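*Asks:* I have a structure I would like to understand better, so I am pasting it below and will then ask my questions one at a time.
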Amino acid sequence: MLRALQATTPLLSRSFWSHVPMGPPDPIIGVTEAFNRDTNPNKMNVGVGAYRDDSGKPFVLPSVRAAEEKLLSQNLNHEYLPTHGCPHFRQAAKILAFGEDSVAVKENLVASAQSISGTGGLRIGGMFLNKFHSSKQLYLPSPSWGNHTPIFKESGLEIKSYSYYKKDTKSLDLENMLADIGKIEEGATILLHACAHNPTGVDPTPEQWDQISQAIKKRNLLVFIDMAYQGFASGSVEKDAYAVRKFIADGHRILLSQSFAKNMGVYGQRCGAFSIVAEDAESAAAIESQLKIIIRPLYSSPALTAARLVTTVLTDHQLHKQWLIDVKGMADRIISMRSALKAGLAREGSVHNWDHLTNQIGMFCFTGMNPEQVERLTREFSVYLTKDGRISVAGVSSKNVDYLAKGMHEVTK
């Protein structure tokens, strides 16, 4: 009897899951796996969105390292955080996003929760919209970060798009963007990238943001802003928060997702925040209570070390001062690599207009290379990137920028 049971158990176990199909590989992870297999000593990985120093190594910010040492010396415990996170962290995140003098923060109009980085903040927001907003339609820019669509689809929302990027000029398609916004159903949600648009690196100017704000207001749309790169784009946390603060000043009651992965280099700590600006303090309190209800069955409590690190950097005067230097240093290095790549292409003799390399901003650059050119760049030069021609400028250094320029010239001439 026992032998018969042993013989049939493996078959029964396999039959439960035999219908499950193999999922498609993640394109970014696939790029990294191919890069790791390559034996070319000159190989480059410009597909992954993580900052590297000029030696191509992961970079721990001096301010964050000092915060780690300070926390370690305090011999702290490891108790659970409240469901919606550390109150000191949430307050510091609000001030960073909305500003020291924000009326919304001072009058307790901002409901917030600590999240599992930006991805978690977007998911909390998507679930809140599905549960409480009358419209289930959410409009994304075309193109947008690849994870936006699955995040919001899994939240039960209907995904649509609006014009954003003009391929022939590799710049903002403001005319068609405004035209599309004018056709969106009143009450729908529109998602905007606060700065360093991923994947294009194309951001509106302040004057264009003003036009976009008015067009959205005219259609009575709900604004959801994804701010994953504050300070990392221009090097100024104030400048990169322009859209967030402008929209609030214009009367929009925005939803906001923040990530500290890039601007503090705490990728694996998974630290973010989600906020909603309400009409009054009573509404904000009610919203916050519902955020806790959404979070409780998802992950119960957010990351403790992440909150402590970011809070320490943002609230310690000396560390905050150092962090502003650190984040500007990262942004400046990326900006310098954009200029170096453009100059390298010119030296190679390229006749193409590469102005977009320096006009775009942030970690990512839409080079304009097509899938065939990308495939050649990978095959002939061992330069790994996504098929849409997007490169992470953070993966470029003074040691390999000329090699990249040579490869890009060869495949585009």
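The values are calculated or read from the model by the stated rules, or taken from the named source; none is laboratory data. Values in this document were obtained by computation on a predicted structure and should not be read as measured data. Neighbour counts are summed over all protein chains in view; Cβ atoms, including those assigned to glycine, are modelled from backbone coordinates with ideal geometry. Side chains included, ligands, DNA and RNA excluded: accessible areas come from the protein's heavy atoms. Shrake-Rupley method; radii C 1.70, N 1.55, O 1.52, S 1.80 Å.
*Asks:* Please list log₁₀ I(q)/I(0) at q = 0.20, 0.26, 0.28 Å⁻¹ for region 294-351, using the Debye equation with identical point scatterers on the alpha-carbon positions.
*Replies:* Log10 of I(q)/I(0), two decimals: -0.81, -0.97, -1.02.
*Asks:* I'd like the Karplus ³J(HN,Hα) series for region 250-267: coefficients 6.51, -1.76, 1.60, θ = phi - 60°, whole numbers in Hz, and an x wherever there's a Gly or Pro.
*Replies:* Here the 3J(HN,Hα) series is 7, x, 6, 9, 7, 9, 9, 10, 10, 10, 10, 4, 7, 6, 10, x, 9, 3 Hz.
*Asks:* Can you list residues from other chains, or at least 5 along the same chain, whose modelled amide H is less than 5 Å from the amide H of L222?
*Replies:* Placed amide hydrogens put G187, A188, T189, I190 under 5 Å from L222.
*Asks:* Also, quick follow-up: According to the Cα gyration tensor, what semi-axes, each the square root of 5 times an eigenvalue, does the equivalent ellipsoid of region 293-389 have, listed from largest to smallest in whole Å?
*Replies:* Taking √(5λ) for each eigenvalue gives 38, 22, 11 Å, largest first.
*Asks:* If I model a spin label at L72 and K399 as a point 7 Å from the Cα along the Cα→Cβ vector, what separation in nanometres do I get?
*Replies:* Spacing of the two 7 Å Cα→Cβ label points: 2.6 nm.
*Asks:* Using alpha carbon coordinates only, what is the Rg to Rh ratio of region 32-95, with Rh defined as the Kirkwood radius?
*Replies:* 1.16
*Asks:* In region 30-131, which chymotrypsin sites (Phe, Trp or Tyr not before Pro) are in a loop and have at most 13 other Cβ atoms within 10 Å, using DSSP for the loop call? It would help to have the intermediate numbers written out before the result.
*Replies:* Numbers: sites: F35, Y51, F59, Y80, F89, F98, F128; in loops: Y51, F59, Y80.
Filter output for region 30-131: Y80.
*Asks:* For region 146-210, would you read off the P(r) tail past 17 Å as a percentage of all alpha carbon pairs?
*Replies:* Values: 994 of 2080 pairs.
Beyond 17 Å sits 48 percent of the P(r) for region 146-210.
*Asks:* Right, another one. I'd like the distance between the alpha-carbon centres of region 382-404 and region 102-126, rounded to an integer number of Å.
*Replies:* 34 Å
*Asks:* If you roll a 1.4 Å probe over the heavy atoms of the protein chains, what accessible area per residue do you get for region 132-264, in Å²?
*Replies:* 38 Å²
*Asks:* Starting from the Cα gyration tensor of the chain, take the square roots of the eigenvalues, sort them a ≥ b ≥ c, and report rounded, prolate or oblate (rounded when a/c is under 1.5, otherwise prolate if a/b is larger than b/c, else oblate).
*Replies:* Details: a/c = 1.32, a/b = 1.11, b/c = 1.19.
In terms of gyration-tensor shape, rounded.
*Asks:* Let me ask something else about it. For the cross-link pairs K166/K387; K217/K387; K43/K342; K167/K387; K94/K183; K70/K94, which exceed 26 Å when the distance is taken from alpha carbon to alpha carbon?
*Replies:* Over 26 Å apart, Cα to Cα: K217/K387; K94/K183.
*Asks:* If you don't mind, there's one more thing I want to ask. Determine by what factor the alpha-carbon radius of gyration of region 184-269 differs from 2.2 N^0.38 Å, reporting the quotient. Each step should come with its number before you reach the end.
*Replies:* On the way: Rg = 13.1 Å, N = 86, 2.2 N^0.38 = 12.0 Å.
Cα Rg divided by the expected 2.2 N^0.38 Å: 1.10.
*Asks:* Taking the Cα centre of region 64-188 as origin, sum charge times position over the Cβ atoms of Lys and Arg (+1) and Asp and Glu (-1), and report the length of that vector in debye to the nearest 20.
*Replies:* Around 220 debye, computed over region 64-188.
*Asks:* Out of the total accessible area of the chain (probe 1.4 Å, heavy atoms of protein only), what percent is carbon and sulfur? Can you show the working numbers first?
*Replies:* Working: 10630 of 19580 Å².
Here it works out to 54 percent.
*Asks:* For I29 and A281 in one chain, what is 0.36 nm times their gap in residues minus the Cα-Cα distance, to one decimal in nm?
*Replies:* The span from I29 to A281 would gain 86.4 nm if fully extended.
*Asks:* From the square roots a ≥ b ≥ c of the eigenvalues of the alpha-carbon gyration tensor of region 36-174, which class results: rounded (a/c under 1.5), prolate (a/b over b/c), or oblate?
*Replies:* Cα axes put region 36-174 in the oblate bin.
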